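Undergrad: Have a look at this one before I ask anything.
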Amino acid sequence: MDELGQMPVEKVGLIAGSGRFPVIFAQNARDIGVRVIAVAHRGETAEEIEQFAEDVTWIRVGQLGKIIRTFRKAEVRNAVMAGGIRKARMFSNFRPDPRGLALLARVRSRDDDQLLRGVAAELEREGIRVLESTLFLERIIPAEPGVLTRTKPSPEQWQDVRTGIPLAKTLGRMGIGQTLVLKEGVILAVEAIEGTDAAIRRGGGIADGPVVVVKMSKPQQDLRFDVPAIGPGTIGVLKEVGGGVLAVERRRSILLDKETLLATADDAGIAVVAVEPEPG
């Protein structure tokens, strides 16, 4: 029996979005003997996904009916959503099929959470359970609060982390973003549609020297999708703007290519910390 109280998962459907997350999920699943049937989004998902998935079907954003047909044909009973769809694509590369249009008519929103919950509900109506996207990834999820790198934040940087945590949670609650950039108690940038790396560049361009980046999950976070994830690329962007500190939330954040990420951070003198927000 697995942690879901069911027989162990032997096959999983993967709805793959952008970034490294879907690729790493597929690789981890394959390495433990789980068959991965992937549906990947053109213009979003890395072609590398084909190296780790048993089968890949390429679709356009919004083709919900094709996702369901693909999984039903492959007799998929459990699925995971990994990686987001850049919000700008929801306007420039949106090609919904009839099932996708029907969902939009019901939801009447392009808010991430509402759309993804709607997709999950449609899949589950077809007998396909949507599992948490952290499945198989325990090794790269910080379990406890603390400093993850050899480099440690200064007392002033720790104060910025503490200041940033509740503010980042408020951003998430309002559906704006998950990341903010601070220095000496001043908010330099707030993530919106542009994404984490662009927010860091914008905030770092204002600062003179290191900054503190705080990336939290939404208070209403559904771990089946849109779990905050960072990779070595984000560390590279932070290095570009002068370095500093990156704070993520324990048990609700994924460190993609974890060993490389932490080594890259130490080489650049950047501290990476896992924190636990205050309740409420």
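The values are calculated or read from the model by the stated rules, or taken from the named source; none is laboratory data. Not measured: the values here are computed from a predicted model. Here the Cβ is made from the backbone with ideal geometry for all residues, glycine too, and neighbour counts use every protein chain on show. Side chains included, ligands, DNA and RNA excluded: accessible areas come from the protein's heavy atoms. Shrake-Rupley method; radii C 1.70, N 1.55, O 1.52, S 1.80 Å.
Undergrad: Go through 153, 96 for me and flag whichever is in a loop (DSSP other than H, G, I, E, B), at pLDDT below 95 and open to solvent by less than 60 Å² (accessible area, probe 1.4 Å).
TA: 96
Undergrad: In addition: Does at least one position in the range 147-157 carry a residue that is touching a residue at least 12 places away in the same chain (Cβ under 8 Å) and of a type in the set (Gly, Ala, Ser)?
TA: no
Undergrad: Within the range 156-175, work out how many residues are closer than 16 Å to residue 219 by Cβ and buried (at least 16 other Cβ atoms within 10 Å of the Cβ).
TA: Residues that pass the stated criteria total 6.
Undergrad: Also, I was wondering about something else. Tell me whether the range 127-149 contains one or more residues that are open to solvent by 60 Å² or more (accessible area, probe 1.4 Å), touching a helix residue (DSSP H, G or I) at 6+ places or on another chain (Cβ under 6 Å) and not in a helix (DSSP H, G or I).
TA: Checking the range 127-149: not a single residue is open to solvent by 60 Å² or more (accessible area, probe 1.4 Å), touching a helix residue (DSSP H, G or I) at 6+ places or on another chain (Cβ under 6 Å) and not in a helix (DSSP H, G or I).
Undergrad: I'm checking my understanding of the structure. Among residues of the range 67-93 that are modelled with pLDDT under 85 and assigned to a loop (DSSP other than H, G, I, E, B), which one is least open to solvent (accessible area, probe 1.4 Å)?
TA: 93
Undergrad: Taking the range 37-49, which residues are surrounded by 16 or more Cβ atoms within 10 Å (Cβ to Cβ) and among the acidic types (Asp, Glu)?
TA: 44
Undergrad: May I ask you to list the residues in the range 192-218 that are under 15 Å from residue 84 (Cα atoms) and open to solvent by 10 Å² or more (accessible area, probe 1.4 Å)?
TA: The answer is 192, 193, 194, 195, 196, 197, 218.
Undergrad: Is there a residue being basic (Lys, Arg), surrounded by fewer than 23 Cβ atoms within 10 Å (Cβ to Cβ) and closer than 30 Å to residue 117 by Cβ anywhere in the range 237-244?
TA: no
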